[in-house]
Amino acid sequence: MKLFALALALSASGSALAAAPAAQAGFPKPLPDEPIPVIEALPAQWPASWVMIHDLHFSSILDGRVMIVDTASPERPVRGMVRAAQFANMLVSSSRKEILTSETFYSRLTRGERTDAVTIWDMGTLEPKAEILMPGGKRQQSVTYPQLFQFTNDGKWALVANFTPAQSVSVLDLDARKIIAEIDLPGCAQLYPTGQRGFTSLCADGAMLSVKLGADGQAVSSKTIEGVQDIDKQPLFGTPAWVGQKAWFVSYYGQIQGFDFTGDVAKTIPGTFNVGTADGAAPQWRPGGWQVIAADAAGKLYVLMSPNGREGSHKDGGTEVWVVDPATKTRVSRIALRATATAIGVTKEAAPRLIAARTDGVIDVHDVASGTFLRTLGTAGGESPILITVP
C-alpha cells in the first residue's frame, strides 16, 4: 500500500509539473507545428554542379534509387531522390523537365505477377507524373548499364532493351505514353542512339548493327559494320564517353576507339590510340571499374585506371584517372584518387569537376585542371553508387 501511495504521489506531482508553463519550468518555448507533408520544388534550371548518381543498392536491389547531388555543397549535397527499382535504368531530359526510370515490380515484392514500366518523374517536384506499362516481362534486368535505356528521335522516343533471353528493343512514344514498335536484335546488345531516329548495337562477333527507324517506330533499314572490335584482343567496355553524337570507347587494355553516330549508320573514327602506361604497376596499368570513361565539354577524355591490371580485373575499379586529348592522341595529365573508385563523371561547370564514386560508397570531388582533391560528399550517392549522370 505504501508503494502504491508513493506512485500516486509521484504521478500527481508529474502531472502538475507537466501542466506548468514551459517558460516557468525553464524550458524553451515549444516549436510551432510543422505541416506535413512539406514538398520543396527544385529549380527549373539545375545548377551545373548537380549530377545524378544511380544507387543500385546491392543489399536490397528492390530498393534502388537515383540521387540528385549538388557536388559543390559538402554541407547539403543530397537535393532529392527518385525510386529506381529492381535493376532499373535511368534517363533525364532537361528539355522535357523529366526523369525516366525503366523498372520492374512483382505483386508480392519478390514473386508473383511481374510488371515492367517506365516511370516518368517531374524534375521539379520529383513526383511521378505518368508511367508506360510494358507487357510480356521482357525488360532486360542486369546490373545497370546506361546503354539499355536511351533516347532517340530528338528525345521524343525512348528505347528499352529486352532480354528473354532473345534480345529485342521496345520503342516508346513518350508523348503518346505507349509502345509503338519492337525490333528484334539477333546476337547484339546495348543501344547507342544513331542518326535522327535509330540506334546501333554491339554484336557478339565484333561487329556493329545500325538500325534506322521510320516515323512509326518500325525498322526501315539496317546495316552491319564488320570488325569494329577484336573481342579476344581488345574487348571494349560497353559504356562510352559521349561528345555530342560521337562516342569514345576504351578497351580492357587501354586502347581508345571512337565512333561517329551522327548518320543513319555508325562510322569508325580513324586512328585508335592507347592511354599509355606508367611506372608503379603490379603487373600493369589497365582501365577498371563500371563507368570507366567520361568526357568534359571541351572533348577531353577521363579514364579510370588501376595499377593492378590483369586478366579479369576490368571490374575491380581504379585509383587514378588519366586525362587524354583525342585530338592529339596523348595523355595530358594524371589525377590520383584518395581510394579505389568504380565510376567517374565530369561536371559541365565552367571549371569542370571530376566526380569519383568509391568502392566504399563515398563520393569525392576533384578539380580537373590541377587534379587537386576538393571535397568529399560522404555517402550522398547512396549505398552502392554505380553510375554518374551529368544532366
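The values are calculated or read from the model by the stated rules, or taken from the named source; none is laboratory data. Predicted model only: the values in this text are computed from it and were never measured. Note that we place each Cβ from the backbone using ideal geometry, even for glycine, and neighbour counts take in every protein chain shown.
Under 30 Å from P47 (Cβ atoms), out of contact with any Cys (no Cβ under 9 Å at 6 or more places or on another chain) and outside any loop (DSSP other than H, G, I, E, B): is that true of A247 in this structure?
Working: under 30 Å from P47 (Cβ atoms): yes; out of contact with any Cys (no Cβ under 9 Å at 6 or more places or on another chain): yes; outside any loop (DSSP other than H, G, I, E, B): yes.
Yes; evaluated as a whole, the condition is true for this residue.
Among the residues of the stretch 74-108, count how many are at negative phi, of a type in the set (S, T, N, Q) and in contact with a strand residue (DSSP E or B) (Cβ under 9 Å, 6 or more places away or on another chain).
Going through the stretch 74-108 one residue at a time, the tally reaches 6.
Of the conditions (1) part of a loop (DSSP other than H, G, I, E, B); (2) of a type outside the set (S, T, N, Q); (3) out of contact with any Lys or Arg (no Cβ under 8 Å at 6 or more places or on another chain), Y253 clears all except one; give me its number.
In the conditions (1) part of a loop (DSSP other than H, G, I, E, B); (2) of a type outside the set (S, T, N, Q); (3) out of contact with any Lys or Arg (no Cβ under 8 Å at 6 or more places or on another chain), Y253 misses (3) alone.
What are the residues in the stretch 326-349 that are among the charged types (D, E, K, R) and assigned to a strand (DSSP E or B), if any?
R331, R334, R338
Which pairs have Cβ atoms under 9 Å, sit 6 or more apart or on different chains, and link a residue in the stretch 261-273 that is closer than 26 Å to V323 by Cβ and in a strand (DSSP E or B) to one that is modelled with pLDDT of 95 or more and among the charged types (D, E, K, R)?
Correct list of pairs: K267/D260; T268/D260; I269/K246; I269/D260; G271/K329; T272/K329; F273/K329.
Which of the numbered conditions does L91 fail, given that it passes all the others? Conditions: (1) without any contact (Cβ under 8 Å) to a residue 40 or more places away in the chain; (2) touching a helix residue (DSSP H, G or I) at 6+ places or on another chain (Cβ under 9 Å); (3) in a strand (DSSP E or B).
(1)
Residues being free of Cβ contacts under 8 Å to residues at least 24 places away in the same chain and at positive phi: count how many of those fall in the stretch 323-362.
Counting residues in the stretch 323-362 that are free of Cβ contacts under 8 Å to residues at least 24 places away in the same chain and at positive phi gives 0.
Of everything in the stretch 359-386, what is in a strand (DSSP E or B) and either more than 19 Å from I68 (Cβ to Cβ) or not charged (D, E, K, R) (or both)? Give them in sequence order.
I363, V365, H366, D367, F373, L374, T376, P385, I386
Quick one: in the stretch 226-251, of everything that is more than 22 Å from the chain's Cα centre (by Cα) and of a type in the set (A, V, I, L, M, F, W, C), which residue is farthest from D154 (Cα to Cα)?
Ranking the qualifying residues of the stretch 226-251, first place goes to I231.
Condition first: β-branched (V, I, T), within 23 Å of H57 (Cβ to Cβ) and buried (at least 21 other Cβ atoms within 10 Å of the Cβ). Now tell me which residues in the stretch 137-175 satisfy that.
Hits for the stretch 137-175 are T144, V160.
Can you tell me which residue is farthest from K267 (Cα to Cα) among those in the stretch 162-214 that are in contact (Cβ under 8 Å) with a residue 60 or more places away in the chain and not in a loop (DSSP other than H, G, I, E, B)?
Looking at residues that are in contact (Cβ under 8 Å) with a residue 60 or more places away in the chain and not in a loop (DSSP other than H, G, I, E, B), I get L213.
For a quick check of your reading of the model, give me the residue pairs whose first member lies in the stretch 105-124 and is touching a residue at least 60 places away in the same chain (Cβ under 8 Å), whose second is small (G, A, S) and surrounded by fewer than 15 Cβ atoms within 10 Å (Cβ to Cβ), with beta-carbon atoms closer than 6 Å and at least 6 apart or on different chains.
The qualifying pairs are G124/A41.
Considering G280, G271, G299, which residue is surrounded by fewer than 14 Cβ atoms within 10 Å (Cβ to Cβ), closer than 30 Å to G198 by Cβ and of a type in the set (G, A, S)?
G271
Residues to consider are R65, R79; find the one that is at pLDDT 95 or above, within 15 Å of the chain's Cα centre (by Cα) and buried (at least 18 other Cβ atoms within 10 Å of the Cβ).
Among R65, R79, only R65 is at pLDDT 95 or above, within 15 Å of the chain's Cα centre (by Cα) and buried (at least 18 other Cβ atoms within 10 Å of the Cβ).
May I ask you to list the residues in the stretch 297-325 that are in contact with a Leu (Cβ under 9 Å, 6 or more places away or on another chain) and assigned to a loop (DSSP other than H, G, I, E, B)?
Correct list: G317 only.
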